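Bear in mind these aren't lab numbers, they're just calculated from the coordinates by the rules spelled out. Treat the numbers as computed from the prediction; the structure is a model and nothing was measured. Note: ideal-geometry Cβ built from the backbone for every residue, glycine included; neighbour counts use all protein chains shown.
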Amino acid sequence: MTCFDRRDVGLLLLRLGTGAVLAAHGAQKLFGWFGGGGLEGTGQWMESVGYRPGKQNALVSGLVEAGGGTLMALGLATPAAGAAVAGGMAGAAAVLAPQGFFAQGGGLEYPVSLGLTAASLAVTGPGRLSLDALSGHAFNRDWMVPAAFAATAAGTALVVGARAKRLRQKSEGEQDALFEE
């Protein structure tokens with residue numbers, strides 16, 4: 001009798017693939033690896049889309065993606081890692097939503113896919129081929145799932161809400177300037 005089944009192997013593959021993509025994406029933001037902008041370039045872009053201060057938002061976003069992706073790949077602290085990544089992807093989706101759904105048009109397809117996968121792993125758990133299982137699920141208790149999502153939802157709502165408010169104020173300021181001319 002084996003200690004794991006094909007569900008565990010499937011969760012391992014899903015965690016490794018999704019975690020690697022996220023870790024690489026975060027490394028682009030943090031270190032400029034893989035053609036990324038690093039903290040400076042990503043921070044400037046963050047400022048341009050309304051996330052201020054840009055460099056701090058780039059740092060948090062990079063840490064969520066690189067750290068959350070690594071933790072998911074390892075299957076460690078899966079509820080917190082998955083919820084944090086889902087929140088980060090909600091922030092990315094807020095920027096891309098005006099371009100529609102599909103990625104080829106600059107839409108939100110990619111962050112929605114990563115966010116839903118991360119959220120699903122947070123809820124489902126990492127499977128038996130994970131560090132969470134090896135540690136006796138010390139960082140993967142049932143109560144941690146709603147707690148992680150509640151904390152992430154609150155933080156995401158504050159950050160995305162502040163961005164929306166800044167964009168609204170900027171738009172209103174531009175409209176007022178047009179009427180003054």
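Extension gain, ARG141 to CYS3: 0.36 nm times the residue separation minus the Cα-Cα distance gives 47.6 nm. As I understand it, the dipole of the chain uses +1 on the Cβ of Lys and Arg and -1 on the Cβ of Asp and Glu, about the Cα centre. Which of CYS3, GLY91, PRO79 lies farthest toward its positive end? After comparing all options, I get CYS3.
With respect to the chain, whose longest principal axis is taken over its alpha-carbon atoms, helix 109-124 is tilted by about 40°. To the nearest ten degrees, helix 144-180 and the longest principal axis of the Cα atoms of the chain are 10 degrees apart.
Relative to its residue count, the stretch 74-176 spans a Cα convex hull of 91 Å³ per residue.
Label-to-label distance, LEU158 versus LEU13, with points set 7 angstrom from Cα along the beta-carbon direction: 4.0 nm. Take 46-52, 33-39 and order them by the average number of nearby Cβ atoms within 10 Å per residue, most first; the result is 46-52, 33-39. Altogether, the Stokes-Einstein calculation at 20 °C and 1.002 mPa s, with the Kirkwood radius of the stretch 7-180 over Cα pairs as Rh, returns a diffusion coefficient of 128 µm²/s.
Estimated from the Cβ-Cβ distance and a Förster radius of 25 angstrom, the FRET efficiency linking LYS165 and LEU116 is about 0.40. Rounded to the nearest 20, the Cβ-based charge dipole of the chain about its Cα centre (Lys and Arg +1, Asp and Glu -1) stands at 460 debye. Among ALA147, GLN169, VAL21, whose Cα sits farthest toward the positive end of the charge dipole of the chain (+1 at Cβ of Lys/Arg, -1 at Cβ of Asp/Glu, about the Cα centre)? With unit charges placed on the Cβ atoms, the residue in question is ALA147. Per-peptide packing, taken as the mean over residues of other Cβ atoms within 10 Å, places 73-84, 136-147 in the sequence 73-84, 136-147 from highest down.
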